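> Following this message is one structure expressed as structure tokens.
The values are calculated or read from the model by the stated rules, or taken from the named source; none is laboratory data. Just so we're clear, the structure is a prediction, and the values are computed from it rather than from any experiment. Cβ coordinates were reconstructed from backbone atoms using ideal geometry, including for glycine residues, and neighbour counts include every protein chain displayed. Quick note on the areas: whole protein, heavy atoms, side chains included, nothing else; ligands and nucleic acids left out. Shrake-Rupley method; radii C 1.70, N 1.55, O 1.52, S 1.80 Å.
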Amino acid sequence: MPKVSVIIPIYNKGPRLKQSIESVLKQIYQDFELILINDGSIDETEQIMEFYKKKYPHKIRCFSQENKGVSYTRNYGIAVSMGEYVSFLDADDYYHEMFLQETIQFSSEKHCDVVLTKHYKNFLSNGKSVRSKMTPNSNDILRDFILSKIDVNTDSWLVRKNILIDHNISFREDITYGEDMLFFIEVLLYAKKAGCVLKELTSYNIGVEDSLSKNTFDKVYKDIEWIEEAIQIIDENCLIEKRKAILIDALEGYRLPAAVVYRLHLNKSQLDNYQEHKNNLMVYIKKFRFNNGLRSIKLYKNIQQL
């Protein structure tokens, strides 16, 4: 059995898919299986998958289905995976060659169930590349994750699979925004120990055509939805009362008002009914509390400027 199962869900990413696949195959650490799942693509995805399957029959497993969405596809990948660990890679992003080596080694040495790494954000529209921020400074990585002190994308995780099985954790298939946040919040909630590798080991491409990563105002209500769902998950499943209170405070007192204020500022000049939206959203903004150091001070100033 392979040590790691790398899962790539694919939907019409043919032009960049080869780079993603090659980045996995070129890993220094080679005890892995690569699971490619075609989620109803109508481009050259199927041909690309078949090419690599024939070339690496002992490394690659291929699956095809009608279009069911990225959450269903990732969950299917988890279900058919055979590795002790799972990792995810979007079909237009890529791993650096030491990603698996560094994360597996860190997990082994530090006895971690979950390992997170830094990443590069590549802005394809202007060619710029920015390093993600990762400054964990508490005893609870989940709290740091909620407070945005750890900027990590879906590609940059290594998760021991038995956490997912034992606690029935999966990507939510009934929502299309925030499903990855809810998934990893649950992962960190149940992990006995999690750790961060403070190296950029993956690259996340921003600005790909047809990308869903756009800052439209309607996302403010989707932010509210997933954050309130996260609060419910923690309230119902965190067995340590002190930790529960700290995590809910981080979500209610910082993450929720920060999301609302960000969307309001970003779309202030574009909304004809800005004041109406602002008034409706004040119930969330008023939950703000000074619980995140300098970030809270910055958020407070932004609130005053609304």
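> Can you tell me which of (1) under 29 Å from Leu124 (Cβ atoms); (2) modelled with pLDDT of 95 or more; (3) surrounded by 15 or more Cβ atoms within 10 Å (Cβ to Cβ) is the one Asn205 doesn't meet?
Against the list (1) under 29 Å from Leu124 (Cβ atoms); (2) modelled with pLDDT of 95 or more; (3) surrounded by 15 or more Cβ atoms within 10 Å (Cβ to Cβ), Asn205 comes up short only on (2).
> Could you grab me the full set of residues in the range 16-56 that are assigned to a helix (DSSP H, G or I) and of a type in the set (Ser, Thr, Tyr)? Walk me through it before giving the result.
If we filter the range 16-56 for residues that are assigned to a helix (DSSP H, G or I), which is where we start, we get 16-25, 45-55.
Once the filter is applied, which keeps residues that are assigned to a helix (DSSP H, G or I) and of a type in the set (Ser, Thr, Tyr), the range 16-56 yields Ser20, Ser23, Thr45, Tyr52.
> If Leu198 passes every condition in (1) open to solvent by 50 Å² or more (accessible area, probe 1.4 Å); (2) without any contact (Cβ under 8 Å) to a residue 24 or more places away in the chain; (3) not β-branched (Val, Ile, Thr) but one, which one does it miss?
(2)
> Residues in the range 228-284 that are over 20 Å from the mean Cα position of the chain (by Cα) and hydroxyl-bearing (Ser, Thr, Tyr): how many?
3
> Is it fair to say Gln101 is on the phi < 0 side of the Ramachandran plot, modelled with pLDDT of 95 or more, open to solvent by 60 Å² or more (accessible area, probe 1.4 Å) and not in a loop (DSSP other than H, G, I, E, B)? So that I can check it myself, show each step before the final result.
On the way: on the phi < 0 side of the Ramachandran plot: yes; modelled with pLDDT of 95 or more: yes; open to solvent by 60 Å² or more (accessible area, probe 1.4 Å): no; not in a loop (DSSP other than H, G, I, E, B): yes.
Answer is no for this residue.
> Another question, if that's okay. Looking at Ile146, Ile141, Ile150, which one is over 15 Å from Phe88 (Cβ atoms), over 13 Å from the mean Cα position of the chain (by Cα) and of a type in the set (Val, Ile, Thr)? Reasoning before the result, please.
Details: Ile146 fails: over 13 Å from the mean Cα position of the chain (by Cα); Ile150 fails: over 13 Å from the mean Cα position of the chain (by Cα).
None of the others qualify; the one that does is Ile141.
> For the range 1-19, name all the residues that are open to solvent by 10 Å² or more (accessible area, probe 1.4 Å) and aliphatic (A, V, I, L, M). Even if it seems obvious, please write down each step before you answer.
Filtering the range 1-19 down to residues open to solvent by 10 Å² or more (accessible area, probe 1.4 Å) leaves 1-3, 9, 11-13, 15-16, 18-19.
Passing the criteria: only Met1.
Residues are listed down the side, and each one gets a yes or a no for (1) without any contact (Cβ under 8 Å) to a residue 60 or more places away in the chain; (2) of a type in the set (Gly, Ala, Ser):
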{"position": "Ile104", "(1), (2)": "no, no"}
{"position": "Ser108", "(1), (2)": "yes, yes"}
{"position": "Cys112", "(1), (2)": "no, no"}
{"position": "Val115", "(1), (2)": "no, no"}
{"position": "Asn137", "(1), (2)": "yes, no"}
{"position": "Ile146", "(1), (2)": "no, no"}
{"position": "Ser170", "(1), (2)": "no, yes"}
{"position": "Phe184", "(1), (2)": "yes, no"}
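> Restricting to the range 64-98, count the residues that are open to solvent by 50 Å² or more (accessible area, probe 1.4 Å) and in a loop (DSSP other than H, G, I, E, B).
Going through the range 64-98 one residue at a time, the tally reaches 7.
> Continuing with this model, one more query. Pairs needed: first member in the range 257-282, within 19 Å of Trp226 (Cβ to Cβ) and of a type in the set (Gly, Ala, Ser); second member anywhere, open to solvent by 20 Å² or more (accessible area, probe 1.4 Å) and part of a helix (DSSP H, G or I); C-beta distance under 8 Å; at least 6 residues apart or different chains.
Ala258/Arg295
> Residues that are at pLDDT 95 or above and open to solvent by less than 60 Å² (accessible area, probe 1.4 Å), at least 1 per element: which strands (runs of 3 or more DSSP E) completely within the range 113-178 meet that? First the steps, then the outcome.
On the way: elements: 114-123, 128-131, 157-160.
In the range 113-178, 114-123, 157-160 are the strands (runs of 3 or more DSSP E) which contain 1 or more residues that are at pLDDT 95 or above and open to solvent by less than 60 Å² (accessible area, probe 1.4 Å).
> Right, something else. Of all residues in the range 48-61, count the ones that are touching a strand residue (DSSP E or B) at 6+ places or on another chain (Cβ under 8 Å) and open to solvent by less than 40 Å² (accessible area, probe 1.4 Å). Can you show your working first?
Filtering the range 48-61 down to residues touching a strand residue (DSSP E or B) at 6+ places or on another chain (Cβ under 8 Å) leaves 49-50, 52-53, 56, 59-61.
Then keep just the ones that are open to solvent by less than 40 Å² (accessible area, probe 1.4 Å); that gives 49, 52, 60.
Residues flagged as touching a strand residue (DSSP E or B) at 6+ places or on another chain (Cβ under 8 Å) and open to solvent by less than 40 Å² (accessible area, probe 1.4 Å) within the range 48-61 amount to 3.
> Just to be sure I understand, how many residues within the range 20-47 are over 23 Å from Tyr85 (Cβ atoms), in contact (Cβ under 8 Å) with a residue 24 or more places away in the chain and surrounded by fewer than 21 Cβ atoms within 10 Å (Cβ to Cβ)? Write out each step before concluding.
Looking only at the range 20-47, we keep the residues that are over 23 Å from Tyr85 (Cβ atoms), and these are 38, 40-47.
Those still in the list that are in contact (Cβ under 8 Å) with a residue 24 or more places away in the chain too: 38, 40-45.
Cutting the leftovers down to surrounded by fewer than 21 Cβ atoms within 10 Å (Cβ to Cβ) gives us 40-44.
The total comes to 5.
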